[in-house]
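Single-structure report; data block below.
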């Protein structure tokens, strides 16, 4: 396997591991799909529509997001936001991520 091919596959695995946390982090306030994609991309985490929309539906089915349709200056849009369970999950995942990040920093640090 070529180095770039191996890197690409491994990087994709890393991204899959954080896409839920990244998405939840941007839903503290209601956002519709395109707006959410833009917010994530602006902060360095671009997500394809084919990944984001199924993820939003799955998170809503799991009971961590609430959604509602709104019509404001254009076509109807479905807005998603964290509910109480989603805020608790975000806090737990954030703490877990920060712990893993600190551990990785120690592991990768050159002596």
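Every read-out reported here was derived from the displayed coordinates using simple, explicitly stated rules and does not represent laboratory data. Bear in mind that the values here come from a model prediction, so they are computed numbers and not experimental data. Counting neighbours? That spans all protein chains shown, and the Cβs are built from the backbone with ideal geometry, glycine included.
Here are some notes:
- Residue separation of residue 70 and residue 100 scaled by 0.36 nm, minus their Cα-Cα distance, works out to 7.0 nm of gained length.
- Contact order relative to length of the chain, as percent, for alpha carbon pairs under 8 angstrom and 6 or more apart: 24 percent
- Working note: 222 nm ellipticity from helices only, DSSP H runs with n ≥ 4, each -39,500 (n - 2.57), summed and divided by the residues of the chain, gives -21500 deg cm²/dmol to the nearest 500.
- Inter-site label distance for residue 16 and residue 38 at 7 Å from Cα along Cβ, in nm: 3.0 nm
- Highest average packing first - 101-107, 59-65, Cβ atoms within 10 Å: 59-65, 101-107
- With Cα atoms, 0 to 90° folded angle of helix 49-61 axis to the chain main axis: 70 degrees
- Cα-based helix-to-principal-axis angle, 84-108 vs the chain, degrees rounded to 10: 20 degrees
- C-alpha long axis of helix 3-25 to longest principal axis of the chain, angle in °: 40 degrees
- For the chain, the extents of the C-alpha atoms along the principal axes are 55, 33, 24 Å, listed from largest to smallest.
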